[in-house]
Amino acid sequence: GAYGKLPVVACDNCGFLFQNPRFNKLFYEDFYSKKYRDILFEKLDPSEKFVDDQIIRGKYLFESLKKYIPEKGNILDVGSSVGGLLKTFIENGWKGLGVDPDKDYVKYGKEVLGLPVINIDAESMDLKEKYYDLIIIMDSLEHVYDPNKTLALCKKAAKPNSLLLLEGRGNPLSESKKYFNQNHHRYFSIITIELMMLKHGWTPIFTTDDPLCGPLRDGGKPPGIYSLGVLDYKNNSETMNEKILKGKKDSIKDILEKFEKLDKQFGEN
């Protein structure tokens, strides 16, 4: 219920929305390791409902990806929280690793759920090279300090022709003053989440706002968008820029019109 000015800008080239200036790295480390969950849930350890929800989301996700992934393989979950998304994959023969900066949630995942999660921030990951068949970053790329370094590390750890799944908070379901907030440092669209993939070597297979991780527990549709891509070493920032020059971008005019429409629809009378 507290509101103030938040420095959200759009890239003139592609329309990518992000906070600028962003907080410094020490703030990110402190906020996400000590404060984030306390602010969201008013407690440091996960609730039973939260854990159950993660595990259910993982079951839905496994079924959604079944036709794209190998029968067994290695999965990396960046921003894994307690690691609940990994559980169904592991039960089906996969080897998994989850990384997250929240030490209390990681401790719960390891000690209570027995899941392979470690406490580390995304930019400090020390991963086996060319090892993972599937990397998932679910609603976490908005929170990391440096998304480019995070995805560069993921690319080094990915096998040739491996898959990357990004979930981003990209469907505004409210007026702009509630959509933009201090917890999310960048905001994806169907277009910009694909551009991010292309920049770091993945070719999008599909991008959708269908709930790959299932509906919200109240039956509603979550605000996330999903993009699944396959690693293609020919893709890089030049590929991304070529796509932008050919018209793959969000125009500033369209962005402003979208949020003006949402503010009228959801805003106070």
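Couple of notes before you dig in:
- Only one of the numbered conditions (1) farther than 28 Å from N148 by Cα; (2) modelled with pLDDT under 95; (3) open to solvent by 60 Å² or more (accessible area, probe 1.4 Å) is violated by P46, and that is (3).
- The requirement of being in a helix (DSSP H, G or I), hydroxyl-bearing (S, T, Y) and free of Cβ contacts under 8 Å to residues at least 60 places away in the same chain is not satisfied by T192.
- Filtering region 227-234 for residues that are among the basic types (K, R), within 21 Å of L6 (Cα to Cα) and surrounded by fewer than 14 Cβ atoms within 10 Å (Cβ to Cβ) leaves an empty set.
- For beta carbons closer than 7 Å, sequence separation of 6+ or different chains, a first residue in region 5-20 that is more than 17 Å from K258 (Cβ to Cβ) and free of Cβ contacts under 8 Å to residues at least 40 places away in the same chain and a second that is open to solvent by less than 40 Å² (accessible area, probe 1.4 Å) and not basic (K, R), the qualifying pairs are P7/Q19.
- Among (1) farther than 27 Å from G4 by Cα; (2) in contact with a Ser or Thr (Cβ under 7 Å, 6 or more places away or on another chain), the one test that G170 misses: (1)
- Among (1) modelled with pLDDT under 95; (2) under 30 Å from S237 (Cα atoms); (3) not aromatic (F, W, Y), the one test that L97 misses: (1)
- Within region 199-226, tally of residues that are farther than 24 Å from D52 by Cα and open to solvent by 10 Å² or more (accessible area, probe 1.4 Å): 8
- Members of region 9-18 that are within 15 Å of H184 (Cα to Cα) and surrounded by fewer than 18 Cβ atoms within 10 Å (Cβ to Cβ): V9
- Within region 120-155, considering residues that are polar (S, T, N, Q) and buried (at least 17 other Cβ atoms within 10 Å of the Cβ), the one nearest to the chain's Cα centre (by Cα): S140
- Residue within region 57-70 that is among the β-branched types (V, I, T), modelled with pLDDT of 95 or more and either over 28 Å from K156 (Cβ atoms) or open to solvent by 70 Å² or more (accessible area, probe 1.4 Å) (or both) present: no
- Condition met for K155 (touching a Ser or Thr at 6+ places or on another chain (Cβ under 6 Å) and on the phi < 0 side of the Ramachandran plot): no
- Restricting E238, E167 to those that are in a helix (DSSP H, G or I), of a type outside the set (A, V, I, L, M, F, W, C) and either modelled with pLDDT of 95 or more or open to solvent by less than 50 Å² (accessible area, probe 1.4 Å) (or both) reduces the list to E238.
- Region 74-93, residues that are over 14 Å from L113 (Cβ atoms) and open to solvent by 10 Å² or more (accessible area, probe 1.4 Å): N74, G79, N92, G93
The values are calculated or read from the model by the stated rules, or taken from the named source; none is laboratory data. Values in this document were obtained by computation on a predicted structure and should not be read as measured data. Note: ideal-geometry Cβ built from the backbone for every residue, glycine included; neighbour counts use all protein chains shown. Note: accessible area is taken over every heavy atom of the protein model, side chains too, but ligands, DNA and RNA are not part of it. Shrake-Rupley method; radii C 1.70, N 1.55, O 1.52, S 1.80 Å.
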